[in-house]
1. Mind counting the residues in the range A:273-285 that are assigned to a loop (DSSP other than H, G, I, E, B) and within 11 Å of chain B (Cβ to nearest Cβ)?
2. Just to be sure, is residue A:122 over 30 Å from residue A:55 (Cβ atoms), away from every other protein chain (no Cβ under 13 Å) and part of a helix (DSSP H, G or I)?
3. Show me the helices (runs of 4 or more DSSP H) found entirely inside the range B:137-218 where at least 3 residues are at pLDDT 95 or above and outside the structural domain of residue B:337 (by TED's automatic domain parsing).
4. Would you check if there is a residue in the range B:294-306 being in a strand (DSSP E or B), touching a strand residue (DSSP E or B) at 6+ places or on another chain (Cβ under 8 Å), in contact (Cβ under 8 Å) with a residue 12 or more places away in the chain and surrounded by fewer than 24 Cβ atoms within 10 Å (Cβ to Cβ)?
5. Being buried (at least 21 other Cβ atoms within 10 Å of the Cβ) and outside any strand (DSSP E or B) is true for just one of B:249, B:230, B:239. Which residue is that?
6. Can you pull out the residues in the range A:126-172 that are within 26 Å of residue A:254 (Cα to Cα), of a type in the set (A, V, I, L, M, F, W, C) and surrounded by 16 or more Cβ atoms within 10 Å (Cβ to Cβ)?
7. Of all residues being of a type in the set (S, T, N, Q) and not in a loop (DSSP other than H, G, I, E, B) in the range B:77-95, which is nearest to residue B:348 (Cα to Cα)? Just the residue, please.
8. Quick one: which helices (runs of 4 or more DSSP H) sit completely within the range B:313-402 and have at least 3 residues that are over 23 Å from the mean Cα position of the chain (by Cα)?
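The values are calculated or read from the model by the stated rules, or taken from the named source; none is laboratory data. Quantities reported herein were computed from a predicted structural model and do not represent experimental measurements. Cβ atoms come from the backbone with ideal geometry, glycine included; neighbour counts cover every protein chain shown.
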Amino acid sequence: MTSTTQTRAVTLPAYSHGIGGRMAASMSTPGGAIFLLAAALLVATIIANPNFGDPGVIIRFLGRTAPIAIAAMGQYYVIVAGEFDLSMAAVIAAQVVIAGNYIGEDTSRNVTGLVLMLLLGAFVGLLNGLATTVLQVPSFIVTLAMMLALTGLVRHLSGGAADAPPNDDFRQMGRGVVKGVPVVEVIPYPLIILAVLCAAAVWLMRRPFGRTLIAVGDSPDAARIAGARVWWVKTQAFILSSLAATVAGVLLVGHAGVHPTVGRGYEFAAITAVVLGGVVLGGGRGWVLSAVAGAFAIELLFTLLTVLDIDATWRDSVRGVIIIVAVAVAARAWTRGRRTGSATPSNSGTSDPSPTTEPVPGTNTGGI
Amino acid sequence: MRRNHLKGVLAGAAALAVLTACSTDESGADPGADETSDGASSDSEWFAQADFDQQREQMDATFEGNPDEPWLQYIDGPMTDTSKWKTDKPMKACFANASISNPWRQTGWITMNQQLKVLEDNGVISEMETRDAGDDDNKQIADIDYFISEGNCDAFIISPNSTAALTPAVERACETGKPVVVFDRGVETNCATTFIHPIGGYAWGIATADFLVDNLEEGDKVVALRILPGVDVLETRWGAAKKIFDENGIETVDYFTGANPEKIKSIITDEITKGEVHGIWMDAGDGSVAALEAFEDAGMDYPVITGEDEMSFLRKWEETGLNGLAPVYSNFQWRTPLLALEKIAKGEEIPTEWVLPQEPITEEERDDYLEANNGMPDGHYAKFGGEDLPGYPDVWQERQIP
């Protein structure tokens, strides 16, 4: 499953229906359907309360959701490689508290502080990755331990209480907006950062690294035989995940301020977003932008429940049911997609080094 | 393999659903999961009309003692005879603290440590052994039992984490026959030598709700941001405020935020979008700045707001010129337990229920408090009452948690 075979596969049936046909084909996969779900939730929210249809409100909502979408993108790299990262929320909290403590009011520390935070993020990811790949400890355990270690650090640094936010210049990244934009009034900086990261992610997933990452998640043995350095590819995925958490932390400290609870629950929200986006737990399938759409869908679901004034007692249940249904539908869609995809089911599937003979658009090919 | 794949997905989904369900209470991404139903606040568990009426009276009561030392003032009432504990020898104090996990407790903890230095120098207290329960009832019960069996304590100071759960442990401390000083949050027993607290949660609720009612019209909407459920001093704040809002036709919706500024901003942003919000009521000032920033980010006028005497709120209040009130849950009460031990060592009688003054900071007084606390960090509380202690103001400005 190298990049050459992918890029030359121009005559595949899925590509033979023109743009419209390809779009329709994409939307019928879980990775594409999540966009329809997000759109449906947005429409439902606007119907429930027309105030949410205001372009200025929508753009601000997208801006505020950017950190969780970025976290979902980071989690995507790890999940598509067949692992988990439970340390994300703790990384966010640690970065937020460090921003408050180290940078604070001192604008001259903004750049060094940011570099320091990114280095720390990369280091955490490196540790997660090496412990998972070289020491062969399940990532579930490794990242859980990392979460505990970082939570302890946060408690030590903050005493568990709020601190003064960093200076307003640093907060601009998470709180600033481009003013005077027609129709939408403003464009929040976090949304611009998210757009840039989305573009970078799409590019990265079309590079050999992205292809190898999916191959490693699909079948590490096959990837190893094909010459991939599995341990390094997975470690890079963990580094990307921690860096995504760091960026989310930078945006959140700007948006909200310094509190040890900032980012709490982000690891599960990100995993949920990735799964809702049709990315298969266990790795090997899924499109990065579907994870982003999954994050927006979850946040829209929360907002919809707020708008509908759903009784607090029932909110969690409603959300749980919706998530289970969405994931079950996604799982069914995958099996249907595979049945039509391969002409004859193979009995020797377990040792098949290349289980997908035909890329499904909008999923592991990054189509549309 | 195909079947296994499907099974894997479903198993993963089930696990995920469980995980998300477990994590939702604290989910930072969730703008409103913890909104309580409207009926909860009138729950009799957290609202007693007699206490409400009593605290309304106490708000106008005369306090005994020197007004320049409010941490020693009290409302006249039954006294505890402490002559049996009179001693010339320095006492070892054992302090079971609920936590220092919010700025209010951190400020008080710093003040308490400075007060301790004075009493150690005076030879009243030999040392104070402190155990921090980290907001955990079980940990605090274990801490108290440790103090009882192995602490070699001459006196206990307990700041309970929660009301019902800590009652038996406090009773066990009382059974040792040594002085027991309880302060801040209460317990369901009268066995303590003294229970030190400001007037209370009802008084907070009355002062804040009266202010909002005076400054709003009937039918206006107030969003109440609450930190956490189940703590008496916080529940009664809302219980009293909700009653007054309901009586005056103010529409309310309340949320638990865990003081998470991200969650607060999401809640407020959604509420502003749903419809006009005229007032913000906070059960503690922690996070009031985030709430106000949500109005700024949406390009809306500031609401009428009640925060707290935390510097971050007082500064924001002054900068923006908004219409607000800073209710006070007297932070200087953290000095009183140690001063109570000093009185016990002298054999002086002390109030059985030591009710300290509790007065909000109004707009007229605000600038005086800002000036008096100039240079203090954002998490500092204006009525911390440590101006005459050693180390002032550096110790509070540097805010090194002991």
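1. Going through the range A:273-285 one residue at a time, the tally reaches 8.
2. In short, yes.
3. Hits in the range B:137-218: B:201-215.
4. Yes, there is a match, as at least one residue in the range B:294-306 is in a strand (DSSP E or B), touching a strand residue (DSSP E or B) at 6+ places or on another chain (Cβ under 8 Å), in contact (Cβ under 8 Å) with a residue 12 or more places away in the chain and surrounded by fewer than 24 Cβ atoms within 10 Å (Cβ to Cβ).
5. Within the list B:249, B:230, B:239, the selection yields B:239.
6. A:146, A:147, A:150, A:154, A:157, A:161, A:162, A:164, A:170
7. Of everything passing the filter in the range B:77-95, B:83 is nearest to residue B:348 (Cα to Cα).
8. Because the criterion is at least 3 residues that are over 23 Å from the mean Cα position of the chain (by Cα), the helices (runs of 4 or more DSSP H) in the range B:313-402 that meet it are B:336-346, B:363-372.
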